[in-house]
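J.: Got a structure for you, written out below as structure tokens; questions coming shortly.
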Amino acid sequence: MPIYAGVGVSNNKDYKRAIAEAIYQTKNSLKENQISLAVVITSPDFAFPNLLKAISNIVGLSVPLIGVTNNAIFTQEGIFSHAIAIALISAKEAHFNTASSKSVLKDPQAGGDELAKQLLFGMKNILRRFVLFFSDGSITDNQPLLSGIQQRLGQSFPIIAATPASNNIETNKTFQYFNQEVLNGSAVGLLWAGKVNFGFGIKHGWKPIGKPHRVTSAYKSTITQIEGKPAAALYQDYFAKDIPELKKELRRISCLYPLGINVSGEEEYLLRNILSIENDGSLICRDDVPNGSRVRLMIGTKESCLLATEEAARDAKQNLQLQTYPKGKDASIIFVLNSASRLYLLGRQITKEIEIIKSQFPHTPIIGLCTYREQAPLKTTDFAGKTYSHNQTIVILAMS
Amino acid sequence: MFSNPNYIVYLSGFVSMLIIIILAFIIVVKSEKNKKLLLAIDQIKNSLDQMDEQAKLIVRTDIELNKIQEELDKKISGLYVLQRLSRAFASTLDEKEIFNKIKSEHIEELGMQRVLAFIWQKKETKFLQYLNIGYDQTSLENIMRAIDNNHLAYLKIIKQEKTVSSLSNDSGIIPNQEIQDIFKVKDFCISPIVPKEGNHGFLFVGTVSEDIPVTEGDEELITILASSIGQGMENARLFEATWHAQQELERRVEQRTRELTDAVTELKKISKRKSDFVSAVSHELRTPLTSIKGYASILLGKGMGELPEALKERLEKINRHSDELVHMINDLLDITRLESGRVTMKKGTYNLKSLVENTVDLLSVQLKNKNLTLSSNIPPDINVVVDKSQIERVFVNLIGNAIKFTAAEGTISLTTRPAEKFIQVNISDSGIGIPKEAQEVIFEEFYRVDNPINDKVKGTGLGLSLVKNIIEAHQGLIWVESQVTKGSTFSMLLPTVEIVKK
């Protein structure tokens with residue numbers, strides 16, 4: 001197994017104790033192997049440089065560290081809103097590069113390019129496998145960042161990424177960790193290469209309802225018109241509510257009834273959350289909606305949502321096994337990128353998702369976070385496809 | 001035939017006609033098909049529209065169901081939070097600590113984003129902030145200034161003892177917009193904190209996002225939370241009051257104990273001085289008394305020749321009184337020794353019945369002289385751990401007293417009763433009895449009951465005091481029950497096993 005990993009979590013208020021407790025829990029899985037990488041996810045109340053210094057002091061000052069803050073940290077032990085989760089990875093035979101880009105807020109495209117450039121450093125003659133990166137929650141338009149990375153890595157290079165959800169409702173600000181630095185307005189990531197196996201699954205579980213509608217006027221993430229009428233008329237018509245009433249229930253409508261973009265040749269719809277409704281009836285979505293695309297109102301239930309989690313976990317397992325020799329070998333670590341909308345829909349049943357993932361990967365450590373947007377190729381079996389920005393999905397990435 | 005041009009023309013005309021007829025037929029058929037197709041498309045469109053209408057109904061119903069589910073989930077989570085907080089409140093009895101138990105995660109779980117708590121300070125006539133979640137220092141200062149400026153309105157809300165929210169601000173004491181502007185929230189709840197006694201206050205919770213409205217369910221939960229805080233404060237106040245009362249009580253008990261200890265020490269000192277004095281005097285008296293008694297004996301003896309009758313009579317009086325005085329001094333010395341603990345009880349195990357019988361034998365003459373009936377039901381198998389000579393003195397004193405104060409033909413009875421490690425021995429008589437007021441002091445030194453018998457018969461008033469001291473030196477107890485003219489019962493507890501003195 002080229003990769004060994006352990007994940008520990010602690011909600012102790014004393015950060016030093018929390019670190020010690022979390023690292024202690026990684027011991028069983030990590031055994032005596034030398035730590036190559038630390039991935040840290042904490043609640044925002046722990047985002048201070050001393051935390052990272054304390055972690056580095058224990059795991060080794062030369063061990064690269066990346067991470068983010070988040071308000072719903074997923075681990076094999078459950079979901080935590082105030083905690084420190086640490087994944088320690090030993091990857092003797094695999095290669096990886098970590099990188100950060102601090103200019104993604106000012107110029108996302110250039111920021112993405114800079115991130116990719118750093119990630120590619122020293123990887124010229126090694127088979128590059130995939131990129132995993134996290135960006136700041138306050139970045140409203142993530143597409144240029146993704147394009148910047150794709151310019152260097154190639155349009156069909158597998159990129160799995162997330163914009164972490166923030167508990168700061170006004171600014172959506174989150175913090176990023178890179179070695180011993182606490183950043184914001186940045187992106188941090190890692191590129192895996194060489195002997196590393198991975199498989200992922202991505203699903204949402206929402207189903208189309210009602211007639212398909214043609215987007216007749218849209219630019220980037222703003223839909224101005226649908227079938228020649230103000231875009232909000234679609235929601236007004238379906239919910240029998242005027243714009244002020246829709247605005248009042250925006251969070252509920254956005255999470256439970258997103259728009260689904262029909263992608264030709266694909267079964268799955270690409271979902272878009274509605275972030276705001278303008279007075280002229282325009283809809284501002286979380287990500288781009290192409291002009292002329294066919295969209296439908298989507299509806300999800302707790303059951304369909306959990307079923308999607310099961311399918312995503314199964315896909316991740318199957319895809320990992322396709323690469324792994326001998327087949328059937330366990331995953332070493334699971335990364336979960338789970339949409340905040342799913343948490344909203346599932347409510348108190350949210351922990352069931354962890355149970356479902358554990359049923360597919362019974363002894364594998366899990367680390368993950370709650371996201372505003374997830375980025376991954378649409379197809380999971382033929383994963384070397386174009387990476388899209390998704391909303392409402394769960395991405396399960398298994399590595400070994 | 002084919003060379004005939006007319007024929008060709010006719011044939012061409014016929015074919016053309018046929019083609020026209022066929023085309024016309026095809027057009028008619030196509031047109032029919034198109035009509036059918038358009039009809040079908042219309043039907044599909046209608047079905048799609050119908051389905052779309054149904055979809056609208058579904059999503060409208062679904063959103064309502066989701067709202068209910070959400071509210072239900074929120075209430076369940078809220079109740080869990082309240083349960084956890086109630087437990088936390090119960091674990092502290094410090095008023096400020098109650099507010100420290102409320103953490104941001106609790107508030108998040110309640111679906112709220114801002115929380116403040118203010119308690120009215122009667123003495124300072126101002127609100128003090130006890131809790132802040134979600135506000136920075138500057139915002140908090142602005143809020144406190146606004147509350148201070150309009151404190152009467154907030155006191156009025158508290159007085160109403162009813163939660164006010166952006167959903168149901170019926171009273172209009174402070175308009176919604178004003179509260180929203182001061183606290184910088186979209187929705188809010190203000191719930192009075194009203195402990196039974198002590199300072200009252202209010203709990204403010206709010207949301208800043210337009211899409212997180214405060215619901216009726218939230219109002220109920222916040223009301224319960226404020227009420228729990230009030231209850232916690234009440235408990236803290238009661239605890240503090242009880243604690244202070246207990247502290248005061250403990251202080252007083254300690255003071256009284258100290259005073260009592262001082263008094264006892266002083267008493268012991270006095271008692272010791274008295275014992276020392278009595279002991280010294282008794283010793284000093286005994287030497288000259290021995291000489292007096294010696295000389296009186298010599299004079300009464302034949303060595304000095306026959307004495308005149310009057311002189312002899314007086315010498316005999318000197319001799320008898322000297323004996324009484326010696327007896328009294330010996331008793332006094334014994335009492336002082338016992339009181340000071342200088343006498344060691346030479347304890348052994350003795351049969352109680354034998355001990356009593358020995359004493360009765362000694363007093364048989366007196367019993368016979370007064371023709372008294374003495375009955376005893378002391379079981380033969382009871383052993384007592386006592387100093388034999390001392391306990392015999394006790395029985396001699398008590399049975400002697402019974403004989404002394406019982407009229408002729410009377411009765412004396414000796415009975416026993418087991419009492420754990422002791423045996424209770426009762427000496428009852430049918431004598432003259434002891435008045436109530438005398439029963440309390442009868443065991444004091446030199447006390448003699450005022451009665452006709454004591455007037456006639458001389459006594460030192462030391463006997464019962466000596467008896468009490470001897471019994472107490474055995475870790476026993478002695479008491480008397482008596483009715484005048486009906487008789488007395490002296491009861492004592494004697495150890496049946498070795499008693500280790502603590």
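The values are calculated or read from the model by the stated rules, or taken from the named source; none is laboratory data. In this text, all values refer to a predicted model and were calculated from it rather than measured experimentally. Glycine also receives a Cβ, built like all others from the backbone with ideal geometry; neighbour counts cover every protein chain displayed.
J.: Pick from A:Lys124, A:Lys195: which is of a type in the set (D, E, K, R), in contact (Cβ under 8 Å) with a residue 60 or more places away in the chain, surrounded by fewer than 18 Cβ atoms within 10 Å (Cβ to Cβ) and out of contact with any Ser or Thr (no Cβ under 9 Å at 6 or more places or on another chain)? Lay out the reasoning, then the answer.
T.: Values: A:Lys124 fails: in contact (Cβ under 8 Å) with a residue 60 or more places away in the chain.
That would be A:Lys195, the only listed residue that is of a type in the set (D, E, K, R), in contact (Cβ under 8 Å) with a residue 60 or more places away in the chain, surrounded by fewer than 18 Cβ atoms within 10 Å (Cβ to Cβ) and out of contact with any Ser or Thr (no Cβ under 9 Å at 6 or more places or on another chain).
J.: Are there any helices (runs of 4 or more DSSP H) wholly within segment B:362-454 with 1 or more residues that are under 48 Å from the mean Cα position of the chain (by Cα) and not small (Gly, Ala, Ser), and if so which?
T.: Values: elements: B:364-370, B:388-404, B:436-439.
Ranges flagged: B:388-404, B:436-439.
J.: Give me the residue from segment B:73-87 that is touching a residue at least 40 places away in the same chain (Cβ under 8 Å) and farther than 22 Å from B:Pro213 by Cβ and, out of that set, nearest to the other protein chains (Cβ to nearest Cβ).
T.: Among those that are touching a residue at least 40 places away in the same chain (Cβ under 8 Å) and farther than 22 Å from B:Pro213 by Cβ, it is B:Leu85.
J.: So, in segment A:186-223, of the ones that are polar (S, T, N, Q) and more than 28 Å from the chain's Cα centre (by Cα), which residue ends up farthest from the other protein chains (Cβ to nearest Cβ)? Lay out the reasoning, then the answer.
T.: Going through segment A:186-223, the residues polar (S, T, N, Q) turn out to be A:186, A:197, A:216-217, A:221-222.
From the residues that got through so far, the ones that are more than 28 Å from the chain's Cα centre (by Cα) too are A:216-217.
Numbers: A:Thr216: 18, A:Ser217: 22 Å.
That would be A:Ser217.
J.: Determine whether A:Ala161 is of a type in the set (Gly, Ala, Ser), over 30 Å from A:Gln360 (Cβ atoms) and buried (at least 19 other Cβ atoms within 10 Å of the Cβ).
T.: Working: of a type in the set (Gly, Ala, Ser): yes; over 30 Å from A:Gln360 (Cβ atoms): no; buried (at least 19 other Cβ atoms within 10 Å of the Cβ): yes.
So A:Ala161 fails the test.
J.: Does segment A:322-331 contain any residue that is surrounded by fewer than 20 Cβ atoms within 10 Å (Cβ to Cβ) and within 14 Å of another protein chain (Cβ to nearest Cβ)? Let's see the steps before the verdict.
T.: Our first condition is that a residue be surrounded by fewer than 20 Cβ atoms within 10 Å (Cβ to Cβ); within segment A:322-331, this holds for A:322-330.
Still in the running and within 14 Å of another protein chain (Cβ to nearest Cβ): none.
There is no residue in segment A:322-331 that is surrounded by fewer than 20 Cβ atoms within 10 Å (Cβ to Cβ) and within 14 Å of another protein chain (Cβ to nearest Cβ).
J.: Hey, another quick one. I need the full set of residues from segment B:22-67 which are out of contact with any strand residue (DSSP E or B) (no Cβ under 7 Å at 6 or more places or on another chain), within 12 Å of another protein chain (Cβ to nearest Cβ) and either exposed (fewer than 10 other Cβ atoms within 10 Å of the Cβ) or among the hydrophobic types (A, V, I, L, M, F, W, C) (or both), in order please.
T.: B:Ile44, B:Met51, B:Leu57, B:Ile63, B:Leu65
J.: Output the residues belonging to segment B:183-232 that are in a helix (DSSP H, G or I), touching a residue at least 60 places away in the same chain (Cβ under 8 Å) and either among the small types (Gly, Ala, Ser) or touching a Phe, Trp or Tyr at 6+ places or on another chain (Cβ under 8 Å) (or both).
T.: B:Phe183, B:Gly217, B:Ala226, B:Ser228, B:Ile229, B:Gln231, B:Gly232, listed by residue number.
J.: Among the residues of segment A:96-134, how many are within 19 Å of A:Leu37 (Cα to Cα), hydrophobic (A, V, I, L, M, F, W, C) and part of a helix (DSSP H, G or I)?
T.: 4
J.: Here is a further query. Take the residues in segment A:252-286 that are in a helix (DSSP H, G or I) and either aliphatic (A, V, I, L, M) or under 11 Å from A:Lys207 (Cα atoms) (or both); name whichever of them is nearest to the chain's Cα centre (by Cα). Give the derivation first.
T.: Quick first cut of segment A:252-286, residues in a helix (DSSP H, G or I) only: A:252-256.
When the remaining residues are screened for being either aliphatic (A, V, I, L, M) or under 11 Å from A:Lys207 (Cα atoms) (or both), the result is A:253, A:256.
Details: A:Ile253: 22, A:Leu256: 19 Å.
Filtering segment A:252-286 for residues that are in a helix (DSSP H, G or I) and either aliphatic (A, V, I, L, M) or under 11 Å from A:Lys207 (Cα atoms) (or both), the one nearest to the chain's Cα centre (by Cα) comes out as A:Leu256.
J.: For segment A:270-279, state whether one or more residues are touching a residue at least 12 places away in the same chain (Cβ under 8 Å), surrounded by fewer than 15 Cβ atoms within 10 Å (Cβ to Cβ) and either out of contact with any Ser or Thr (no Cβ under 8 Å at 6 or more places or on another chain) or farther than 27 Å from B:Ala55 by Cβ (or both).
T.: For segment A:270-279, residues touching a residue at least 12 places away in the same chain (Cβ under 8 Å), surrounded by fewer than 15 Cβ atoms within 10 Å (Cβ to Cβ) and either out of contact with any Ser or Thr (no Cβ under 8 Å at 6 or more places or on another chain) or farther than 27 Å from B:Ala55 by Cβ (or both): present.
J.: Related question: Going through segment A:149-185 one residue at a time, which ones are touching a residue at least 40 places away in the same chain (Cβ under 8 Å), away from chain B (no Cβ under 14 Å), more than 16 Å from the chain's Cα centre (by Cα) and assigned to a loop (DSSP other than H, G, I, E, B)?
T.: A:Gln155, A:Ser156, A:Phe157, A:Asn179, A:Gln180, A:Gly185
To keep it simple, each residue is scored yes or no on (1) out of contact with any Lys or Arg (no Cβ under 8 Å at 6 or more places or on another chain); (2) of a type outside the set (S, T, N, Q); (3) within 12 Å of chain A (Cβ to nearest Cβ).
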residue: B:Gln69; (1), (2), (3): yes, no, yes
residue: B:Phe89; (1), (2), (3): no, yes, no
residue: B:Leu93; (1), (2), (3): yes, yes, no
residue: B:Ile98; (1), (2), (3): yes, yes, no
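J.: Select, from A:Leu51, A:Leu88, the only residue that is in contact with a helix residue (DSSP H, G or I) (Cβ under 6 Å, 6 or more places away or on another chain) and assigned to a strand (DSSP E or B). Outline the logic, then answer.
T.: Values: A:Leu51 fails: assigned to a strand (DSSP E or B).
A:Leu88 is the lone residue from the list that is in contact with a helix residue (DSSP H, G or I) (Cβ under 6 Å, 6 or more places away or on another chain) and assigned to a strand (DSSP E or B).
J.: Now for a different question. Tell me, which residue of segment A:131-143 that is farther than 13 Å from A:Ser101 by Cα and modelled with pLDDT of 90 or more is surrounded by the fewest Cβ atoms within 10 Å (Cβ to Cβ)?
T.: A:Leu132
J.: Which of the residues spanning segment A:212-251 are of a type in the set (Lys, Arg) and without any contact (Cβ under 8 Å) to a residue 60 or more places away in the chain? Talk me through it step by step, then tell me what you get.
T.: Keep residues of segment A:212-251 that are of a type in the set (Lys, Arg), which gives A:214, A:220, A:229, A:241, A:247-248, A:251.
Of everything in segment A:212-251, those that are of a type in the set (Lys, Arg) and without any contact (Cβ under 8 Å) to a residue 60 or more places away in the chain turn out to be A:Lys229, A:Lys241, A:Lys247, A:Lys248.
J.: Given (1) surrounded by fewer than 21 Cβ atoms within 10 Å (Cβ to Cβ); (2) at pLDDT below 90, where does A:Ser166 come up short, assuming only one miss?
T.: (1)
This table checks each residue for (1) within 14 Å of another protein chain (Cβ to nearest Cβ); (2) within 19 Å of B:Ile107 (Cα to Cα); (3) at pLDDT 90 or above.
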| site | (1), (2), (3) |
| --- | --- |
| B:Phe202 | no, yes, yes |
| B:Gly206 | yes, yes, yes |
| B:Pro213 | yes, yes, no |
| B:Glu216 | no, yes, no |
| B:Gly230 | no, yes, yes |
| B:Met233 | no, no, no |
| B:Ala236 | no, no, no |
| B:Glu248 | no, no, yes |
| B:Glu254 | no, no, yes |
